[in-house]
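The values are calculated or read from the model by the stated rules, or taken from the named source; none is laboratory data. Source: prediction; values computed, not measured. Neighbour counts run over all protein chains shown; Cβ positions are idealised from the backbone, glycine included. Just so you know, the surface numbers come from the protein's heavy atoms only, side chains and all, with ligands and any DNA or RNA stripped out. Shrake-Rupley method; radii C 1.70, N 1.55, O 1.52, S 1.80 Å.
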Amino acid sequence: MKPPAGACAAAASGPLTGTVEASPDKSISHRALILAGLAAGESRIANLLESADVMATARAVGALGAQVERSNADWRVIGPGRWMSPDARLDLGNSGTGVRLLMGAAARFDMTATFTGDASLSRRPMGRVIEPLTRMGARFEAVDGDRLPATLHGSAALRGIDYTPPVASAQVKSAVLLAGLGAQGETIVREPRATRDHTETMARLFGADLDVERAGESLVARVRGDRPLTPVDIAVPGDPSSAAFPVAAALISPGSDIAVRGVMTNPARVGLFETLREMGADIALTPAEARSGEATADLAVRFGALRGVDVPPGRAPAMIDEYPILAVLAAFAEGTTRMTGLAELRAKESDRLAGTAALLRANGVAVELLDDGLIVHGRGPEGVPGGGRVETHQDHRLAMAGLVMGLGAQEPVIADDVAMIATSYPGFFDDMGALGARIAPVD
């Protein structure tokens, strides 16, 4: 069905049951389009996420010279070998991943491109990408130095750099590595805390001369430039960040027993599931077919009592997008859950820390907002009052977290706008409805 817009309410629906396929992974989908567009020749992508964010990236890759089109159930991308200056601005909508990765990928070409986005994306910092790409030899003109619109002047004479990002960000790492694919010499990115490594895994599938060293929590990625990429056919695995929402709904809805199939289990993405096991969640993982070099699993999830935990700060990179829904689960747990190391959440589509705290307070849950985290005082199973209206601030994850809370709360919960859910999980309402969830528009 067409996803609703405007306000929606979610109410306790009884036990959730059934099986859904995990929504295609957003991070992998962006990277598949960009790397296929950089390779000279035809690649095919199966199970691409057709969300608003990913389609913005598809249009941008096409505007830069690649041929990008849907072919039956798959997507066909024919890369031209080198990108050209687009005829118009590249509008990435709400997609921080799309704009930052494309800046890196385009920086290696003698071309000019202006990147823009919606009001939310235009408030997000781009300096963290602009700074290393400038060191490599690209030039930028941006609003206030690091805001969109930003004009990139690329260079075919980029230089490799040895770079340690000041923040743990897979987008920053990926932008530098994508630029490094066409730079002179070796480009090195050093992460004290390893972030998701999808770019490294997929770039090697396309023939990049790239290797990764790990030591404890750290990661060092090295790429040698001027090696042409070769087209490949790939399939996108299921998104653990999207799967978190039906999983959470089952964990807080008494009597629920569901399955979510084909969820990617990359170690850099399963921090939420590790945390939920510590909280006592009844989740079983059965290995499934690998896709795009990424392991996957089928999840079996049953309702059960949860307990509060202290989430290690070092786990944040492995679950940075899942903290709003974790906070909702913590509200239904017995005891207190403390989560820190989350300053990055203040620079997402909204200030997600403040937005998550407001979501909980509006529905009768005590929460302490820290500079870099949250302390949630759980009310136990079936103990969350609900009845509140969630201000989503155009943030898709706050909207979905609020609706999931309503499925386990005593009174319905309203999300003030749900249109932006389509940016990451266009099948959210269909999947939740298939499991028996009661979510409906509000007049």
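The table below lists the values:
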read-out: Matching residues in segment 53-88 - criterion: being within 21 Å of GLU141 (Cβ to Cβ) and either open to solvent by 50 Å² or more (accessible area, probe 1.4 Å) or more than 23 Å from the chain's Cα centre (by Cα) (or both); value: ALA63, LEU64, TRP83, MET84, SER85, PRO86, ASP87, ALA88
read-out: Residue within segment 39-52 that is outside any loop (DSSP other than H, G, I, E, B) and open to solvent by less than 10 Å² (accessible area, probe 1.4 Å) present; value: yes
read-out: Filter result (outside any loop (DSSP other than H, G, I, E, B), touching a Leu at 6+ places or on another chain (Cβ under 9 Å) and either modelled with pLDDT under 95 or open to solvent by 50 Å² or more (accessible area, probe 1.4 Å) (or both)) within segment 12-25; value: THR17, THR19
read-out: Pair list, Cβ under 6 Å, 6 or more apart: segment 89-106 residue surrounded by 24 or more Cβ atoms within 10 Å (Cβ to Cβ), other residue hydrophobic (A, V, I, L, M, F, W, C) and in a loop (DSSP other than H, G, I, E, B); value: GLY98/LEU92; VAL99/LEU92; ALA106/TRP83
read-out: Strands (runs of 3 or more DSSP E) contained in segment 333-431 and holding at least 3 residues modelled with pLDDT of 95 or more, within 26 Å of SER27 (Cβ to Cβ) and open to solvent by less than 20 Å² (accessible area, probe 1.4 Å); value: none
read-out: Pair list, Cβ < 6 Å and 6+ apart or interchain, from segment 295-313 residues that are of a type in the set (D, E, K, R) to residues that are surrounded by 19 or more Cβ atoms within 10 Å (Cβ to Cβ) and assigned to a strand (DSSP E or B); value: ASP298/ALA288
read-out: Whichever residue in segment 290-332 is of a type in the set (D, E, K, R) and assigned to a loop (DSSP other than H, G, I, E, B) and, among such residues, is nearest to VAL365 (Cα to Cα); value: GLU322
read-out: Sole residue being touching a Gly at 6+ places or on another chain (Cβ under 7 Å), closer than 28 Å to THR265 by Cβ, open to solvent by less than 30 Å² (accessible area, probe 1.4 Å) and small (Gly, Ala, Ser), chosen from SER155, SER174, SER169; value: SER174
